[in-house]
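Enquirer: Shown below is the structure under consideration.
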Amino acid sequence: MGEKEWAVGIAEVKVASFPDSFVAYGLGSCVGVTLFDPGKKNGGLAHVMLPSSALFTRGFVPGKYADTAIDLLVRELKGLGSDAGQLRAKLVGGANMFKHIVSHPVPIGVRNATAAREKLRNLSIPIVGEDLGGEFGRTIQFSLEDGRIKIKKLNQPEFWL
């Protein structure tokens with residue numbers, strides 16, 4: 001896709017500029033949060049594992065939680081020269097991978113997606129695309145040329161968001 005394709009693992013946050021791109025493998029209940037600045041062609045990807053950092057202090061990793069990962073993405077994109085007012089978000093993942101073994105009334109994937117939406121709303125960053133839910137994981141490739149995301153799901157054709 002680009003000059004360098006950055007792999008973003010669980011609880012990681014990475015930013016770059018075009019012609020680079022990103023890939024995240026196996027987004028199950030995790031949510032891939034992408035932010036894109038179309039004017040500067042800067043973008044970032046957070047591979048969010050949990051909805052909130054509020055209950056966690058030991059071994060704190062900001063990229064692990066929706067609230068702190070999105071703050072970190074915005075901060076790092078500002079460091080590349082982007083204005084937060086120009087950023088556009090897309091959310092991918094949040095599958096219900098464990099519905100047969102977890103008894104929580106709201107699946108973790110749904111809680112991750114809800115927390116990401118809420119944080120983006122609080123920062124006034126519009127969500128311009130989503131592919132969330134279902135029961136299967138996804139692999140995504142995020143292009144910084146145009147902000148599009150190629151999505152691959154098990155036994156389904158690839159598509160662009």
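Enquirer: Show me the ranking of peptides 86-92, 18-24 by mean Cβ neighbours inside 10 Å, starting with the highest.
Expert: Going by the mean number of other Cβ atoms within 10 Å, highest first, we get 86-92, 18-24.
Enquirer: Pairs of lysine in segment 5-149 with Cα under 26 Å and at least 8 positions apart or on different chains: total?
Expert: 22
Enquirer: Using label points projected 7 Å from each Cα along Cα→Cβ, tell me how many nm separate E135 and K78, to one decimal.
Expert: Using points 7 Å along Cα→Cβ, the separation is 4.4 nm.
Enquirer: In whole percent, what relative contact order does segment 1-73 give with Cα contacts below 8 Å and a gap of six or more residues?
Expert: Rounded, it is 31 percent for segment 1-73.
Enquirer: What value, in deg cm²/dmol to 500, does the helix sum -39500 (n - 2.57) over DSSP H runs of n ≥ 4 give at 222 nm once divided by the residues of the chain?
Expert: Dividing the helical sum by the residues of the chain leaves -6000 deg cm²/dmol.
Enquirer: Arrange the peptides 43-49, 143-149 so that the one whose residues have, on average, the most other Cβ atoms within 10 Å appears first.
Expert: Per-residue Cβ counts within 10 Å, averaged per peptide and sorted highest first, yield 43-49, 143-149.
Enquirer: So for each of 122-131, 65-74 I average, over its residues, the number of other beta carbons within 10 Å; can you give me the resulting order with the highest mean first?
Expert: Listed from highest to lowest mean packing, they are 65-74, 122-131.
Enquirer: Separate question: Taking a ≥ b ≥ c as the square roots of the Cα gyration tensor eigenvalues, with a/c under 1.5 meaning rounded and otherwise prolate when a/b beats b/c, else oblate, which class fits segment 5-149?
Expert: Here segment 5-149 falls in the prolate category.
Enquirer: Follow-up. Can you tell me the relative contact order of the chain? Whole percent, Cα pairs under 8 Å, sequence separation 6 or more.
Expert: 27
Enquirer: Another question, if that's okay. Would you work out which of G43, G94, G9 lies farthest towards the positive end of the dipole of the chain, given +1 charges on the beta-carbon of Lys and Arg and -1 on that of Asp and Glu, about the Cα centre?
Expert: G94
Values quoted throughout were computed directly from the atomic coordinates according to the rules given, and no laboratory measurement underlies them. Predicted model, so just to flag it, every value in this text is computed and none were measured. We place every Cβ from the backbone using ideal geometry, glycine too, and count neighbours over all the protein chains shown.
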